[in-house]
Amino acid sequence: MGVLARYASLLPVTDATPNVNLEEGSTPLVLLSRLGERLGIKLWGKLEGCNPSGSFKDRGMVLAVAKALEDGAKALICASTGNTSASASAYAAASGVPCFVLLPAGKVALGKLAQALMYGATVIAVKGNFDKALELARLAAEQKGCAIVNSVNPYRLLAQRTGAWEICEQLSDAPDWHVIPVGNAGNISAYWAGYTEYKRLGKASKLPRMMGFQAEGASPLVTGKPCPAPETVATAIRIGNPVSAQLAKAAVAESGGEFNSVTDGEILSAQRLLAALGGVFAEPASCAPLAGLIKLKSQARLPEGITVTMVLTGNGLKDPDTAMSQVGRPVEIGDTLDELLRVIEGSAVK
Ligand code: AN7
């Protein structure tokens, strides 16, 4: 069941809303026991890479597209660091509506670009960063009457609350800490809105601390001012002027949480650790929170034994280039058993 059907009573879905559905949501919440033991916490990973287009964006996109169709939109438009474009293109394809996506030229992971092109969107590479592309998309949407499906579209964040609702159901309560990567700052805002709504409805007994992690080279919410030239290997969160900055600041302040930043090196080593100790391959941006937990642990600022949920926002397969630049190559052999046995005997496993 997709999120519109699963959470119809908590979302602005009416009889007039088209039934858009790619069976998004209901993603696994996995106990990462080896990583949790190292950190001295109960660490849960929300596998948002299991969504149909491979990222959390599908939760909000399904409602944004359904409402756009309900309002008679003839085309969709968005700017994106990659995942929003993949998601918008997928739902546009499934709904039979044209989609224009604006991407920062040369700064989008290969898998995401392949997705938007395969789903049949008109893909436009802008010589500028995401913030500039969003500015153009907003102006074009106004002039051409296209529905903009970036998170400036309020339906996106309303439906992204479903991630928090699922976590409360999977854990039978809210966690102590909720750690999450922050780019345009929509998801952290939506999760906070989701948790507070479930608390209000009596479906959670407490509220988590919201801990938002940015890449050091694109950390406007940590430095407190927009970043004119954001740069990070985690291209998904290469954003200098977050649209939902105010909402995110409120979420962090009200929950007693914080924003923090991690370096690209810390992000990449967390990505490898998550794969090697957790069995989960997530894209670099998704690994900023794990890098953050490791950093807080080293500063003795991670309380022992707490329950932490970590949103693994996008699938590692989206960015094969960054992954391959971090790891070795396969061991090559001919086609004989002898050669194979030599490899096995030369390894740690005898
Ligand atoms: C994997 O696709 O902004 O703080 O245009 O793809 O809600 O922006 C992606 C963002 C985290 C940050 N992890 O979420 C886009 C885009 C992944 C992402 C974020 C993004 P927000």
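Taking each residue of segment 3-31 that is in contact (Cβ under 8 Å) with a residue 40 or more places away in the chain and looking for partners that are assigned to a loop (DSSP other than H, G, I, E, B) and open to solvent by less than 70 Å² (accessible area, probe 1.4 Å) with beta-carbon atoms closer than 6 Å, six or more apart or interchain, yields Val3/Glu24; Val3/Gly25; Leu4/Val13; Asn21/Gly2; Leu22/Pro52.
Among the residues of segment 131-149, the one identified as modelled with pLDDT under 95 and closer than 16 Å to Ala185 by Cβ is Asp131.
Scanning segment 10-32 for residues that are touching a Leu at 6+ places or on another chain (Cβ under 9 Å) and among the polar types (S, T, N, Q) returns Thr17, Asn19, Asn21, Thr27.
For the structure I just gave you, tell me whether Ala270 is away from the ligand (no atom under 13 Å from the Cβ), crowded, with 24+ Cβ neighbours inside 10 Å and over 26 Å from Leu207 (Cα atoms). Answer is yes for this residue. Of the residues Ala291, Ala275, Ala323, Ala348, the single one that is touching a Ser or Thr at 6+ places or on another chain (Cβ under 9 Å) and hydrophobic (A, V, I, L, M, F, W, C) is Ala291. The one condition from (1) closer than 19 Å to Asn260 by Cα; (2) within 16 Å of the ligand (Cβ to nearest atom); (3) β-branched (Val, Ile, Thr) that Val308 does not meet is (2). Taking the criterion of being within 15 Å of the ligand (Cβ to nearest atom) and either without any contact (Cβ under 8 Å) to a residue 24 or more places away in the chain or surrounded by fewer than 24 Cβ atoms within 10 Å (Cβ to Cβ) (or both), the only residue of segment 72-102 that qualifies is Phe100.
Of all the criteria given as (1) closer than 17 Å to Lys42 by Cα; (2) within 16 Å of the ligand (Cβ to nearest atom), the one not satisfied by Pro284 is (1).
In this structure, Ile344 does not qualify as in contact with a Leu (Cβ under 9 Å, 6 or more places away or on another chain) and in a helix (DSSP H, G or I). When the criteria are applied in full, Leu221 fails the requirement of being in contact with a Leu (Cβ under 7 Å, 6 or more places away or on another chain), within 14 Å of the ligand (Cβ to nearest atom) and either open to solvent by 10 Å² or more (accessible area, probe 1.4 Å) or not in a loop (DSSP other than H, G, I, E, B) (or both). When the residues of segment 1-20 are narrowed to those that are of a type in the set (Ser, Thr, Tyr) and part of a loop (DSSP other than H, G, I, E, B), which ends up surrounded by the fewest Cβ atoms within 10 Å (Cβ to Cβ)? Top of the filtered list is Thr14.
Residue under question is Pro289, and the condition is that it be in contact (Cβ under 8 Å) with a residue 24 or more places away in the chain, within 16 Å of the ligand (Cβ to nearest atom) and farther than 20 Å from Val179 by Cα; does it hold? Considered against the rule, which asks whether it is in contact (Cβ under 8 Å) with a residue 24 or more places away in the chain, within 16 Å of the ligand (Cβ to nearest atom) and farther than 20 Å from Val179 by Cα, Pro289 comes out as no. Provide a single number: the residues in segment 50-92 that are more than 13 Å from Val149 (Cα to Cα) and within 21 Å of the chain's Cα centre (by Cα). Of the residues in that region, 9 qualify.
Determine whether Ala133 is crowded, with 23+ Cβ neighbours inside 10 Å and within 11 Å of the ligand (Cβ to nearest atom). It is true that Ala133 is crowded, with 23+ Cβ neighbours inside 10 Å and within 11 Å of the ligand (Cβ to nearest atom). Could you go through segment 42-49 and let me know if any residue there is part of a helix (DSSP H, G or I) and either modelled with pLDDT of 95 or more or surrounded by 24 or more Cβ atoms within 10 Å (Cβ to Cβ) (or both). Looking through segment 42-49, at least one residue is part of a helix (DSSP H, G or I) and either modelled with pLDDT of 95 or more or surrounded by 24 or more Cβ atoms within 10 Å (Cβ to Cβ) (or both).
Taking each residue of segment 304-321 that is closer than 11 Å to Pro284 by Cβ and looking for partners that are more than 12 Å from the ligand (Cβ to nearest atom) and among the aromatic types (Phe, Trp, Tyr) with beta-carbon atoms closer than 9 Å, six or more apart or interchain, yields Gly316/Phe281. Scanning segment 236-246 for residues that are surrounded by fewer than 24 Cβ atoms within 10 Å (Cβ to Cβ), outside any helix (DSSP H, G or I) and within 11 Å of the ligand (Cβ to nearest atom) yields Val243, Ser244. Only one of the numbered conditions (1) part of a loop (DSSP other than H, G, I, E, B); (2) within 13 Å of the ligand (Cβ to nearest atom); (3) surrounded by fewer than 24 Cβ atoms within 10 Å (Cβ to Cβ); (4) without any contact (Cβ under 8 Å) to a residue 60 or more places away in the chain is violated by Lys249, and that is (1). Report whether or not Glu23 is in a helix (DSSP H, G or I), more than 16 Å from the ligand (Cβ to nearest atom), out of contact with any His (no Cβ under 6 Å at 6 or more places or on another chain) and modelled with pLDDT of 95 or more. No: the conditions fail for Glu23.
The values are calculated or read from the model by the stated rules, or taken from the named source; none is laboratory data. These numbers were taken from a predicted model, which means no experiment stands behind them. In this analysis, Cβ positions are derived from the backbone assuming ideal geometry, glycine residues included, and neighbour counts consider all displayed protein chains. Accessible surface areas use protein heavy atoms only, side chains included; no ligands, DNA or RNA. Shrake-Rupley method; radii C 1.70, N 1.55, O 1.52, S 1.80 Å.
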